[in-house]
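A.B. asks: Below is a structure I'd like to ask you about.
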Amino acid sequence: MSAPHIPILRQGKPYVSLDVQTIPKLGTDEAAAEISFACSDMIKYDLHKMGDAREALKKFSCEELVEITKKAGEIFLHDDLPIGVEGGMQSPEDYVLALASTSGLPHSLIRMNMKRLGNIFGQIDDIFQGLTRGLSWGVLDKGYGEQGGAPVSFSPTTNELAVILPSNSPAVNALWIPSIAMKVPVLLKPGREEPWTPWRIIQAFIKAGCPAEAFNLYPTQHDGSGAIIRRAGRVMLFGDDSTVKQYENDERIEVHGTGYSKFVIGEDEIENWEQYIDSMVESVSSNSGRSCICTSSIVVPKYGDEIAHAISKRLAEIKPLAQDDPTAKLSGFANPQFAEWINEAVEEGLESSGSRDITAEYREGERFQENAGMNYLQPTIIRVDSFEEPLALREFLFPFASVVECPQAEVLENIGYSLVLTAVTKDTEWINQLFDCPEIERLNVGNVPTNRISWNQPHEGNLFEFLYTRRSFAFAETA
Amino acid sequence: MTSDEARSQLDERVREMMKWHFSDETGCPFWLDWKKKAGWDPREEVKSYDDIIKFPHFEDEWLRDEKNERFVPNAYKGRPFNVFETGGTTGLPKQRVGWEDYKHDYEQFSDQLSDEFFPKGGNWIMVGPTGPRRLRLAVEHLANVRGGSCYHVDLDPRWVKKLIGRKELDQVERYQAHVMSQAVEIIKHRDISCIFTTPRLLASIGERISISDHGIKGCFCGGTSMTPEYVRFLQEEVLESRAQFVPTYGNTLMGLAVSIPEELPEKNYSVTYYAPQPRAVLRIVDPEKTEITKDYGEYGRVELTTLSHEFFMPRFLERDEAIRREPHAKYAWDGVGDVRPFGALTKKVIEGVY
C-alpha cells in the first residue's frame, strides 16, 4: 500500500492542506504517510463552530452513544477501516505495521495497547459509573435528575475536549474515548509520528454510527498547539514538570505530567522481598517503561543491593529485538536523538559517587544500542545511596528505576509526588498515613504492579468533572 | 514589455542612478564620501545591473548609525524630508529619508489593482503598524489616489515582539483584541470597501465579523511571509472567496513588490512577487556566495537593490529567503516566490508578530 495521506478532519470532513509533511518509516527514506498540517488560525476559526459539533452529538441519547462506543471498540479491534483520502482501507494488522513503522514500538506492545484501548470502549458503562459515582446516563440527556435521592443537574463546561497527544504511547487515546458518550466532541492534535491511533479510533466511531461532526483532527505545528491550548474550552496535554507548573492555575487545562510512580515495601514485608520481584519488574518495564504509571523509584527499608541485583538480572533479559518479534518488549525511539539525550542524562547522574548502574553487570553491551536502524536504551536500574542523588527521583522514557533504602518512617517526607504508589505492607498505621498523603494520586496497597490501573477510578483527573459542572436548580410548583 | 526590454530599461536606470548619486551636484554626502574612500567611480564602472555586484552589500548599520542628513541628495538640499522607520521587529529599527518615493510606488501599485475589487471612490481602512512607518502615509495616499479616504487603527509590532519574547502570549491576545475591537467598530459603522492589513490581523478581524458582509471587496496585505496554505485560508475562509486577496512583499527600503492575485488558485496559492522594477530589483542569491544568482526554482536569500533618485541602496540582504521564479507576461523580470524568513528551517525567528 502506498503512503496514505492523512487529512485534517474538521467536524469529520477531510481537508487536504497545501502544507503537507511526510513522515518516514523509521530508519529509511520511505514515506509512511503524508500528513496535512493545519495553520493555527484555521483551528481558531473552527473552535468558534464547535457548538454545531456538540449539537450533532446531542441528537443522540447517552445510551445510544454508549452502544455506539461499545460497537466502535469491536470495529477498532477487528474491522478494516478507511485510511487517508484516496479510498484506501486499513486492516488491524496494517494498523500495527503502520504504527510500528513510525513510532518504533514493537508489534507486541502495539497489540497490547490495542487491547487496552478495546477494553476502554467496552467498559464505557463502568467508567462512567466510576467517574460519576453512580449517575444515571439519563441525567446528561435531560440535564437534571436524581442521584442517591438528591436532585442533581450538570451542564457542560465546554463544547470540545481538546487533546494534545504525544507520539510515544497509543494507549493515551483512552483518555478521550469516554468523552463521546458524554456528548462532548473531541479536537485532537496527534503526535508527529502517531496519527494512526486517533485516526483509526475516529473511523471506528464513525462506522459504528457516531456523527462525524464530533471528530476534529488537526496535525499542526507549535503555534497550532498553542492556539488549541489558549482557546479550547477544555484541554488535556502531556508535559514535564515545567508544563504542569505553567498551567496549574488554569482550570481549562489538565496536564498529564511526569508520574514519578513508586514501588515501596514496608518494614513488615521486606524479609519477603523476593516474592515481589515479579511485580517490580513488571512495574518498571511494562509498555517499555514509557507510561507515567511505570515505576521509576523503588523504596525499601533494607536489602537495596539485593533487590537492585535481582531486578537487574531479570530486566537484562529485555533486549532490543526485531519489531515483529513476538517476544519484543523494548521500544525504539522514533526520534533517535531522544535516546542519546536520555542516555547522556543518565550518565551525568552516574558521575555522582553515590549512584551505581547495577544493570551494567548483567546486560549485553552498553545501555545505548542501535539495532536495525533504530536507537534503543536497555533497561537500567540505578542503586542510589540516598534521595539526594540526582537519579533518585527521575523518570525517563524507557525501563528505568532507582533503588533507594529509606526507613519506613521517613519515606513520605522524602518521596514527593507519586502518580501511582504501590505499598507492600500490612501495617495499618502506615497504610492510613499513605491514604492521608495528598501527594499520592493512586494508592495500591499490597503486591499490585503500579502499571495496573482501573479506568473506573481515575488516577489522574476525573474526565466527567472536567467536562461537566454541577449546578443547583429548582422548578416552581405548578398549579 | 519583453524580458530584453525590461533588462535594457533596468540597465538604463542603473546608469542614470550612478550618474545621479555619484555626481557632486545631485548625490548625497554618504555616497560621495563612500566613492572617495572606495577609490573607484561607479559612474565609470557600473554600466548595467550586472555591474551592481561591484558594490559591497549595503549594511543595516549605515541606516542606524549615519545621520539621516547624510543621505539627503544634494539635489534635494534644503527640502524637509520624511523620516521612515523599518519594522524594528528584528533589531533596532533602520531609518530612511524620503520625499515623493512612496507616492510613486503606491501610484504604480494602484495601477495594478482591480477596480472591481478596489472600487474607485471607495474608503479604506488600514489596520497595522502606523507610527513612523512609510506605510501609514502610503496607504492613505493610495486611498486618496483612488478617490477615497482612509481610516487607521494602529498596532505597535515592537511591543508585540517584546511580549512574545517574554512568552506573555495572553497579553499578545489581549493587545490584539484591543486593536481588533477598534477595527471592527470602524468596519461596522463606516462605509469601507478596501482594507490594508497584515495576514494575522486580517484573520483576527475575520474571526469577529464577516469581512465581506460588511462591504469589503478588496484586501491588500503585507508585512510577513505566508505559506501557500495560509494564503488559501485567508482567501477562501477569511474572505470567503468573496473579496480579493492581494498579497504584497515590501518594506520601507524597497517599496512594494506585487503578486498576481487572480492566478493564486491555479498556482496552488504559491505567491510570486515582482519588484517595482526598475525602481527596485530583487535578486535571489546563494547565501554563501552572494555574487551568484540562484537558478530558477531554487531557494536563496533575497537581495534588494533600490534605485530611486531619493535613495540608492545596492545589494541589501533581506531577512528573507525565497524561490527564484521566471518572469511573467505581466512583469517581464524575475519574481520571488514563497518568501519565508531566512534560515526558517534552521533557526527560530520571531516573525509575523502582527
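Rule-based calculations on the coordinates, nothing more; no lab input. Everything numeric in this text was worked out from a predicted model, so none of it was measured. A quick note on method: Cβ atoms are made from the backbone with ideal geometry, for glycine too, and the neighbour counts reach across all protein chains shown.
A.B. asks: Output the antiparallel fraction of DSSP beta bridges having both residues in chain A, as a percent to the nearest 5.
C.D. replies: For chain A, the DSSP antiparallel bridge percentage is about 40.
A.B. asks: Separate question: Using θ = phi - 60° and the Karplus form 6.51 cos²θ - 1.76 cosθ + 1.60, what ³J(HN,Hα) does each residue of the stretch B:236-243 get, whole Hz, x for Gly and Pro?
C.D. replies: 7, 10, 6, 9, 6, 6, 10, 10
A.B. asks: What value in Å³ per residue do you get for the convex hull of the alpha-carbon atoms in the stretch B:3-79?
C.D. replies: 110
A.B. asks: Quick one: net charge of A:Arg314's neighbours, Cβ under 14 Å, K/R +1, D/E -1?
C.D. replies: -2
A.B. asks: What is the magnitude of the charge dipole of chain B about its Cα centre, with +1 placed on the Cβ of each Lys and Arg, -1 on the Cβ of each Asp and Glu, and no other charges, expressed in debye to the nearest 20?
C.D. replies: About 960 debye.
A.B. asks: Tell me, what HN-Hα J-couplings in whole Hz come from the Karplus equation 6.51 cos²θ - 1.76 cosθ + 1.60 at θ = phi - 60° for each residue of the stretch B:70-87, using x for Gly and Pro?
C.D. replies: Values per residue, Gly and Pro as x: 6, 9, 7, x, 4, 4, 9, 3, x, 8, x, 10, 7, 10, 10, 10, 6, x Hz.
A.B. asks: Amide H of B:Gly148: which non-local residues (sequence gap of 5 or more, or other chain) have their own amide H closer than 5 Å, using H built in the peptide plane?
C.D. replies: Here B:Gly121 satisfy the definition.
A.B. asks: Please compute, for the alpha-carbon atoms of the stretch A:72-130, the extent along each of the three principal axes and give them in descending order in Å.
C.D. replies: 39, 26, 15
A.B. asks: Could you grab the relative contact order for the stretch A:167-233? Cα pairs under 8 Å, six or more apart, rounded to a whole percent.
C.D. replies: 37
A.B. asks: Pairs of alpha-carbon atoms within less than 8 angstrom and 6+ residues apart define the contacts here; what relative contact order does the stretch A:39-160 have, in percent?
C.D. replies: 27
A.B. asks: Tell me, Kirkwood radius of chain A from alpha-carbon pair distances, in Å?
C.D. replies: It is 23.6 Å.
A.B. asks: Right, next: As I understand it, the value is the acute angle between the Cα axis of helix A:196-207 and the longest principal axis of the Cα atoms of chain A; what does it come to in degrees, rounded to 10?
C.D. replies: Around 40 degrees separate the two axes.
A.B. asks: Shifting gears a bit: Measure nothing fancy, just the Cα-based angle from helix A:62-78's long axis to the longest principal axis of chain A, in degrees from 0 to 90, nearest 10.
C.D. replies: That works out to roughly 60 degrees.
A.B. asks: Another question, if that's okay. Given the rule -39500 (n - 2.57) for each run of at least 4 DSSP H residues, summed and divided by the residues of the protein assembly as shown, what is its mean residue ellipticity at 222 nm, to the nearest 500 deg cm²/dmol?
C.D. replies: Only helices count here, giving -9500 deg cm²/dmol.
A.B. asks: As I understand it, the value is the acute angle between the Cα axis of helix A:336-350 and the longest principal axis of the Cα atoms of chain A; what does it come to in degrees, rounded to 10?
C.D. replies: The answer is roughly 40 degrees.
A.B. asks: Here's something else I'd like to know. Please pull out the direction-averaged projected area of the stretch B:85-231, using the convex hull of its alpha-carbon atoms, in nm² to one decimal place.
C.D. replies: The Cα convex hull of the stretch B:85-231, projected and averaged over all directions, gives 9.2 nm².
A.B. asks: Moving on. Using C-alpha positions alone, give me the convex hull volume of the stretch A:61-181 per residue in cubic angstrom.
C.D. replies: Dividing the Cα hull volume of the stretch A:61-181 by its residues yields 124 Å³.
A.B. asks: By a straight-distance test (C-alpha under 20 Å), which aspartates and glutamates pair with B:Lys162 as possible cross-link partners, with residues fewer than eight away in the same chain excluded?
C.D. replies: Within the straight-line cut-off, B:Lys162 pairs with A:Asp223, B:Glu85, B:Asp154, B:Asp170, B:Glu173, B:Glu351.
A.B. asks: Long-range amide H contacts for B:Met126: which residues qualify at under 5 Å (H placed 1.01 Å from N, peptide plane, sequence gap of 5 or more or a different chain)?
C.D. replies: B:Tyr151, B:His152, B:Val153, B:Phe196
A.B. asks: Then there's this: With only alpha-carbon atoms counted, please give the Rg and Dmax of the stretch B:261-311, in Å.
C.D. replies: 13.5, 38
A.B. asks: Normalised by the number of residues in chain A, what is the relative contact order in percent for Cα pairs under 8 Å and 6+ residues apart?
C.D. replies: Over chain A, the number comes to 18 percent.
A.B. asks: Sum up the charges of everything whose Cβ sits under 12 Å from the Cβ of A:Leu350, counting Lys and Arg as +1 and Asp and Glu as -1, but leave A:Leu350 out.
C.D. replies: Residues near A:Leu350 contribute -2 overall.
A.B. asks: Same structure, new question: Tell me the Kirkwood radius of the stretch A:113-191: reciprocal of the mean inverse pair distance over distinct alpha-carbon atoms, in Å.
C.D. replies: 14.0
A.B. asks: Which links in A:Lys13/B:Lys294; A:Lys245/A:Lys302; A:Lys245/B:Lys94; B:Lys36/B:Lys94; B:Lys35/B:Lys294; A:Lys189/A:Lys329 stretch past 31 Å when you go from one Cα to the other?
C.D. replies: A:Lys13/B:Lys294; A:Lys245/A:Lys302; A:Lys245/B:Lys94
A.B. asks: For the stretch B:1-148, compute the orientation-averaged projected area of the C-alpha convex hull (one quarter of its surface), in nm².
C.D. replies: The orientation-averaged projected area of the Cα hull of the stretch B:1-148 comes to 11.3 nm².
A.B. asks: Filter chain B for me: DSSP H helices, axial length by Cα at least 18 angstrom, mean Kyte-Doolittle hydropathy not below -0.5. List them by residue number.
C.D. replies: What comes out of the filter, once short or polar helices are dropped, is B:169-189.
A.B. asks: Quick one: net charge of A:Glu269's neighbours, Cβ under 13 Å, K/R +1, D/E -1?
C.D. replies: Taking every other residue near A:Glu269 into account, the sum is -3.
A.B. asks: Enumerate the lysines that B:Lys37 could reach by cross-link, defined here as Cα to Cα under 20 Å, with residues fewer than 8 away along the same chain left out.
C.D. replies: Candidates past the 8-residue exclusion: B:Lys19, B:Lys54, B:Lys67.
A.B. asks: Ok, one more. Per-residue HN-Hα couplings for the stretch B:294-299, Karplus 6.51 cos²θ - 1.76 cosθ + 1.60 at θ = phi - 60°, whole Hz, x for Gly and Pro?
C.D. replies: 5, 6, 4, x, 9, 6
A.B. asks: Where Rh is the Kirkwood radius over the Cα pairs of the protein assembly as shown, the temperature 25 °C and the viscosity 0.890 mPa s, what D in µm²/s does Stokes-Einstein return?
C.D. replies: D, rounded to a whole number, is 80 µm²/s.
A.B. asks: Starting from the stretch B:241-296, pick out the chymotrypsin sites (Phe, Trp or Tyr not before Pro) whose DSSP state is loop and whose Cβ has at most 16 other Cβ atoms within 10 Å.
C.D. replies: Within the stretch B:241-296, the qualifying chymotrypsin sites (Phe, Trp or Tyr not before Pro) (loop, at most 16 other Cβ atoms within 10 Å) are B:Tyr296.
A.B. asks: Also: Hey, could you get me the Stokes-Einstein D for the stretch A:145-273, Kirkwood radius over alpha-carbon pairs, 4 °C and 1.567 mPa s, rounded to whole µm² s⁻¹?
C.D. replies: Diffusion coefficient, whole number: 77 µm²/s.
A.B. asks: Separate question: Could you work out the equivalent-ellipsoid semi-axes for chain B, taking the square root of 5 times each eigenvalue of the Cα gyration tensor, largest first, in whole Å?
C.D. replies: Sorted largest first and rounded, they come to 33, 22, 21 Å.
A.B. asks: Take every Cα-Cα pair in the stretch A:362-479 and report what % of them are more than 23 Å apart.
C.D. replies: More than 23 Å apart: 52 percent of the Cα pairs in the stretch A:362-479.
A.B. asks: With just the Cα atoms of the stretch A:274-416, tell me how far they stretch along each of the three principal axes, in Å, largest first.
C.D. replies: Here the spans come out as 47, 32, 27 Å, largest first.
A.B. asks: For A:Phe368, list long-range residues whose amide hydrogen, built 1.01 Å from N in the peptide plane, is under 5 Å from its own amide hydrogen.
C.D. replies: A:Gln378
A.B. asks: Report Rg (one decimal) and Dmax (nearest whole number) for the stretch A:231-297, counting Cα atoms only, units Å.
C.D. replies: According to the Cα coordinates of the stretch A:231-297, Rg and Dmax are 16.6, 54 Å.
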